[in-house]
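Worksheet for the structure shown next.
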Amino acid sequence: MSDKLLMKGNEVIGEAAIIAGCRHYFGYPITPQNEIPAYMAARMPEVGGVFVQAESEVAAINMVLGAAAAGARVMTSSSSPGISLKQEGISYLSACELPAVIVNMMRGGPGLGNIAGAQGDYFQATKGGGHGDYRLIVLAPATVQEMADYTVQAFDLADKYRTVVMILGDGHIGQMSEPLVLPKPTGKTFDKSAWSLTGAKGRDQHIVRSLLLYPEDELEKLNIRLQEKYKLITKNEILYKTYMTDDADYLLIGFGMCSRLARGACDVLRKKGLKAGMFRPVTLWPFPSAELAKAAAGKKKILVIEMNAGQMIEDVNLAIGCSIPVDFVGRMGGMVPELETIVERVETYVK
Amino acid sequence: MTERIFIAGFGGQGAILAGKLICLAAMHEGKNISHIPSYGVEMRGGAANCSVVVSDEDIPSPLVFKPDVLVTLNEQSLSKFIDRLRPDGLLVYNSSLIHTTPSRKDITVVAVDANDIAEGLGSSRAANMVLIGAVAGLKPEIASVESVISELGKAVSTRNLELNELNKKALFAGKEAVLTKAKK
């Protein structure tokens with residue numbers, strides 16, 4: 001007998017946000033993440049929250065900025081083309097040092113692309129999709145349970161560092177149902193009274209802005225503060241998982257959906273007598289570079305698996321200093337690599 | 001044990017609900033499961049299908065490209081997906097609506113008059129339940145009919161709960177139909 005619920009990934013993100021205390025959701029529909037706004041439209045009134053279907057993605061992200069400035073826990077969600085539209089707002093949120101959670105259930109691109117799950121927004125999410133020197137904390141769940149757990153965690157991270165946190169999933173894991181146990185609230189509270197816009201009667205005014213003209217080094221000071229914050233996040237918040245890496249000859253690396261394939265391929269390869277292990281970054285930024293370098297040491301070959309043209313390979317090579325040959329299995333445009341393809345590729349390494 | 005199941009039909013036949021019910025029943029038995037429906041473009045034109053994986057181990061991909069078990073509710077689904085079924089796989093098809101006999105010789109083919117059986121019990125709407133009963137009868141390692149029945153209340157929407165008596169009968173009738181056939 002199981003006490004677990006069977007829920008769809010997208011809906012779980014909605015419920016987990018509510019568990020985390022999010023009472024403000026602003027969005028604009030796009031497949032394959034429409035279950036998130038649909039869920040929020042139904043649930044927010046039940047918990048006394050606010051749901052607004054905005055007139056556009058740009059409007060939604062600026063509503064997020066407004067709610068975050070007022071100290072609310074706030075979330076928006078979209079899929080690839082819609083996330084592109086939100087980039088200006090994400091840069092502004094970062095400059096204003098406002099906490100917010102943004103969900104990207106990636107679909108095939110570039111352009112309007114298609115509506116199948118993909119991972120083509122890795123660069124956009126991890127290298128800064130908008131302008132200026134800013135970073136997002138990027139969490140890449142691989143299971144419905146993780147979608148729940150990391151969404152709850154995302155709100156704490158956003159508040160702790162006054163930064164934007166992105167949940168980077170794909171259309172497949174958003175549409176997938178799996179058993180899960182809903183997480184409990186973490187109980188952490190964050191004092192926002194020093195900066196949030198709550199009405200200045202009886203106190204000095206707070207200013208939240210991203211335009212810093214005078215004095216001339218004011219903007220550089222913000223940038224220095226941001227960089228110090230990003231160093232701290234890199235020191236404290238890296239998440240990753242490994243599977244049978246210690247004695248492995250071959251290291252398979254994937255995030256999100258592809259980490260499931262990598263792990264499955266390791267099981268098949270082990271049964272065939274090939275020592276394969278898996279390394280999976282959970283935070284795509286900050287990337288677990290030192291941890292990967294350690295896990296990769298002494299391996300004969302690395303195989304990166306992605307649903308894009310190989311965007312993560314750059315971070316892998318930076319981590320290992322190009323010390324080990326890196327191979328790649330990937331599909332693009334909303335296609336998913338098959339387990340057999342990964343297994344067959346690794347088998348060619350011993351021939 | 002890992003069974004990759006693909007269920008296909010047209011919208012309204014209950015293919016996606018059938019998949020969800022199999023998942024709930026297998027979960028009830030402590031197994032790992034995943035369910036992913038068709039969405040968007042695939043749904044236009046009326047097709048509805050879902051991938052289900054039931055396993056004792058972790059499930060790598062919820063997407064079933066090459067199923068071990070293919071369940072088809074209508075003619076179009078059978079012709080579209082039969083080539084994907086793995087050699088030695090199991091095809092369960094709704095012979096009330098599918099009149100083409102599948103020609104593949106490397107698979108097990110089981111015809112179930114799902115609509116007719118369901119109609120005889122009260123409503124052809126329970127044809128999907130007959131087919132789940134058939135799958136549970138042929139592959140009890142996925143889930144037993146009893147487990148499916150115990151989870152009916154979770155999968156069927158509130159407005160249709162009064163149909164669950166019919167659903168139960170349909171599930172047993174599906175199992176009975178394939179077991180009788182196997183004896184012959």
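One table, with the values for the structure above:
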{"read-out": "Filter pass, B:Lys169 being more than 17 Å from B:Ile7 (Cβ to Cβ) and touching a residue at least 60 places away in the same chain (Cβ under 8 Å)", "value": "no"}
{"read-out": "Contacts under 8 angstrom Cβ, first residue in segment B:98-123 being of a type in the set (D, E, K, R), partner surrounded by fewer than 14 Cβ atoms within 10 Å (Cβ to Cβ), 6 or more apart", "value": "B:Asp106/B:Pro87; B:Asp106/B:Asp88"}
{"read-out": "Checklist (1) surrounded by fewer than 19 Cβ atoms within 10 Å (Cβ to Cβ); (2) among the aromatic types (Phe, Trp, Tyr); (3) closer than 19 Å to A:Ser259 by Cα applied to A:Phe190, failing item", "value": "(3)"}
{"read-out": "Of all residues in segment B:52-66 being in a strand (DSSP E or B) and crowded, with 24+ Cβ neighbours inside 10 Å, the one that is farthest from the other protein chains (Cβ to nearest Cβ)", "value": "B:Val54"}
{"read-out": "Given (1) touching a residue at least 12 places away in the same chain (Cβ under 8 Å); (2) surrounded by fewer than 17 Cβ atoms within 10 Å (Cβ to Cβ); (3) within 14 Å of A:Phe255 (Cβ to Cβ), index of the condition A:Val350 fails", "value": "(3)"}
{"read-out": "Given (1) touching a residue at least 60 places away in the same chain (Cβ under 8 Å); (2) over 16 Å from A:Met75 (Cβ atoms); (3) out of contact with any strand residue (DSSP E or B) (no Cβ under 6 Å at 6 or more places or on another chain), number of the condition A:Val144 does not satisfy", "value": "(3)"}
{"read-out": "Test: B:Lys181 is within 25 Å of B:Ser38 (Cα to Cα), among the basic types (Lys, Arg) and surrounded by 14 or more Cβ atoms within 10 Å (Cβ to Cβ)", "value": "no"}
{"read-out": "Filter result for A:Val343 (under 24 Å from A:Lys127 (Cβ atoms), β-branched (Val, Ile, Thr), modelled with pLDDT of 95 or more and surrounded by 17 or more Cβ atoms within 10 Å (Cβ to Cβ))", "value": "no"}
{"read-out": "Residues being assigned to a helix (DSSP H, G or I) and of a type outside the set (Asp, Glu) - total across segment A:272-294", "value": "5"}
{"read-out": "Unmet requirement for A:Met106, which otherwise passes all of (1) under 22 Å from A:Val50 (Cβ atoms); (2) part of a strand (DSSP E or B)", "value": "(1)"}
{"read-out": "Residue check, B:Ser38 under 23 Å from B:Ala126 (Cβ atoms), polar (S, T, N, Q), touching a strand residue (DSSP E or B) at 6+ places or on another chain (Cβ under 8 Å) and within 11 Å of chain A (Cβ to nearest Cβ)", "value": "yes"}
{"read-out": "Subset of segment B:67-85 that is of a type in the set (A, V, I, L, M) and in a loop (DSSP other than H, G, I, E, B) - its residue that is nearest to B:Ala25 (Cα to Cα)", "value": "B:Leu73"}
{"read-out": "Inter-residue pairs, beta-carbon under 6 Å, first closer than 15 Å to B:Ser55 by Cα and within 14 Å of another protein chain (Cβ to nearest Cβ) and in segment B:3-25, second of a type in the set (Lys, Arg) and surrounded by fewer than 24 Cβ atoms within 10 Å (Cβ to Cβ), 6+ apart", "value": "B:Leu24/B:Lys154"}
{"read-out": "Answer residue from segment A:231-241, given it is under 23 Å from A:Gly256 (Cα atoms) and of a type outside the set (S, T, N, Q) and is surrounded by the fewest Cβ atoms within 10 Å (Cβ to Cβ) among those", "value": "A:Lys235"}
{"read-out": "Strands (runs of 3 or more DSSP E) within segment A:154-271 that include 1 or more residues among the β-branched types (Val, Ile, Thr) and touching a residue at least 12 places away in the same chain (Cβ under 8 Å)", "value": "A:164-170, A:240-243, A:250-253"}
{"read-out": "Selection status of A:Lys275, touching a Leu at 6+ places or on another chain (Cβ under 7 Å), of a type in the set (D, E, K, R) and surrounded by fewer than 23 Cβ atoms within 10 Å (Cβ to Cβ)", "value": "no"}
{"read-out": "Selection status of A:Ile61, farther than 30 Å from A:Leu213 by Cβ and modelled with pLDDT of 95 or more", "value": "no"}
{"read-out": "Search result, residues across segment A:164-183 that are over 17 Å from A:Ile83 (Cβ atoms), out of contact with any helix residue (DSSP H, G or I) (no Cβ under 6 Å at 6 or more places or on another chain) and at the interface with another protein chain (Cβ under 10 Å from one of its Cβ atoms)", "value": "A:Gln175, A:Ser177"}
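The values are calculated or read from the model by the stated rules, or taken from the named source; none is laboratory data. Note that the coordinates shown come from a computational prediction; the quantities given were computed from them, not determined experimentally. Methodologically, a virtual Cβ is constructed for each residue, glycine included, from the backbone with ideal geometry; neighbour enumeration extends over all protein chains shown.
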